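Engineer: One structure, as structure tokens, below. Some questions next.
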Amino acid sequence: MYEDFFGFMAKPFSVTPDTHFLYPSVQHEAVINTLHYGITERKGFLLLTGEVGTGKTTSLRCLLNKLGAEHQTSLIINPLLSIVELLKTINKDFGCETPGDTVKEQLEALNYFVLENAKEGRNAVVIIDEAQDLSTEALEMTRLLSNLETETHKLLQIVLVGQPELEEKLADKNLRQLAQRIQIFCRLTPLAPTEMERYIRFRVEKAGNNAMVAFEKSALKEIHKVSHGIPRIVNTVCELALLAAYGRETRVITRQLVKEAAREVPIAL
């Protein structure tokens, strides 16, 4: 709609987890590298938390792209599953489906798979997004899955990804055995003002080398004020500000345009 007007080849502030637009901030790079290290070194349990919209899912996609063919992966994006459904989904992703409908049958199939997988020199990785929505029983099952191991290393690496509520859940005494097994812990936080400015500039440049848009300093301050540095809200506010600027045929994003845009974002009010 407005791409030609601003010289964009793509929309710079889409909220979809496009790895092309992942801003390589120090903390995002560190998270991806740390999780990659934990997986390749077979640390077993890994945890990534962060507020909604801080870039967890996009970071996961970058992580998956970084893992080589020696890693078999299962990505769970809907954690609202029973224990059997969870195991069936994992087995399906790994290509070791079994018709059994019991936990025992599913575990036996998974155990056989990871053993054979290890013999072939490959690693098995389960990544569960939105893990704060897992039931206590399902979380306990992930702990049991971590028992799949040899004398020297874990046969299954498990990455739990979720909002800060996941940390609170793991602090429950009923899950203390699981919490104690977490070897790698990462947390994503909102962007500081200067980092947010670089983030906006990065996405504009990624959207088109001939981009013709300018954000006034006061506009950038207002964006951080209403977004609190959370990338997803930054994207939404910037997108609406660009639409408003397009409607007025201006390529300068002012504080007033940002304030008007923010009124359309309930979470930013």
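Engineer: I want to confirm something. Restricting to the stretch 153-162 and keeping residues that are modelled with pLDDT of 95 or more and not hydrophobic (A, V, I, L, M, F, W, C), which single residue is surrounded by the most Cβ atoms within 10 Å (Cβ to Cβ)?
Structural biologist: 157
Engineer: I've got another one for you. Of the residues in the stretch 199-256, how many are surrounded by fewer than 16 Cβ atoms within 10 Å (Cβ to Cβ), of a type outside the set (Lys, Arg) and closer than 28 Å to residue 56 by Cα?
Structural biologist: Number satisfying all stated conditions: 4.
Engineer: In the stretch 110-158, how many are in contact with a Phe, Trp or Tyr (Cβ under 9 Å, 6 or more places away or on another chain) and over 17 Å from residue 73 (Cα atoms)?
Structural biologist: 1
Engineer: Filtering the stretch 225-261 down to residues that are over 22 Å from residue 212 (Cα atoms) and without any contact (Cβ under 8 Å) to a residue 60 or more places away in the chain, which residue is nearest to the chain's Cα centre (by Cα)?
Structural biologist: This residue is 229.
Engineer: Give me the pairs, please: first residue somewhere in the stretch 180-202 and assigned to a strand (DSSP E or B), second residue anywhere and at pLDDT below 95 and hydroxyl-bearing (Ser, Thr, Tyr), beta-carbon distance under 6 Å, and either six or more positions apart or on two chains.
Structural biologist: Note: pairs meeting the criteria are 188/54.
Engineer: For residues that are part of a helix (DSSP H, G or I) and touching a residue at least 40 places away in the same chain (Cβ under 8 Å), scanning just the stretch 72-89, find the one that is nearest to residue 138 (Cα to Cα). Let's see the steps before the verdict.
Structural biologist: Let us first name the residues in the stretch 72-89 that are part of a helix (DSSP H, G or I), namely 83-89.
When the remaining residues are screened for being touching a residue at least 40 places away in the same chain (Cβ under 8 Å), the result is 83, 86-87.
Details: 83: 6, 86: 8, 87: 10 Å.
Ranking the qualifying residues of the stretch 72-89, first place goes to 83.
Engineer: Restricting the search to the stretch 205-216, which residues are part of a helix (DSSP H, G or I) and at pLDDT 95 or above? Lay out the reasoning, then the answer.
Structural biologist: Filtering the stretch 205-216 down to residues part of a helix (DSSP H, G or I) leaves 205-207.
Selection gives nothing.
Engineer: Please go through the stretch 164-174 and pick out each residue that is surrounded by fewer than 19 Cβ atoms within 10 Å (Cβ to Cβ) and either closer than 23 Å to residue 31 by Cβ or not assigned by TED's automatic domain parsing to the domain that holds residue 36 (or both).
Structural biologist: 164, 165, 167, 168, 171
Engineer: Which of the residues that make up the stretch 138-152 are assigned to a helix (DSSP H, G or I) and either of a type outside the set (D, E, K, R) or surrounded by 20 or more Cβ atoms within 10 Å (Cβ to Cβ) (or both)?
Structural biologist: 138, 139, 141, 142, 144, 145
Engineer: Scan the stretch 84-106 residue by residue and report those that are aliphatic (A, V, I, L, M) and over 27 Å from the mean Cα position of the chain (by Cα).
Structural biologist: 103
Engineer: Is it fair to say residue 192 is more than 20 Å from residue 58 (Cα to Cα) and either within 19 Å of the chain's Cα centre (by Cα) or among the small types (Gly, Ala, Ser) (or both)?
Structural biologist: No: the conditions fail for residue 192.
Engineer: In the stretch 16-44, how many are of a type outside the set (Gly, Ala, Ser), in contact (Cβ under 8 Å) with a residue 12 or more places away in the chain, surrounded by 13 or more Cβ atoms within 10 Å (Cβ to Cβ) and within 30 Å of residue 241 (Cβ to Cβ)?
Structural biologist: The qualifying residues number 10.
Engineer: Taking only the stretch 116-137 into account, find how many residues are within 17 Å of residue 44 (Cα to Cα) and surrounded by 13 or more Cβ atoms within 10 Å (Cβ to Cβ).
Structural biologist: 11
The values are calculated or read from the model by the stated rules, or taken from the named source; none is laboratory data. Computed from a predicted structure; not experimentally measured. For neighbour counting, all protein chains shown are included, and Cβ atoms are generated from backbone atoms with ideal geometry for every residue, glycine included.
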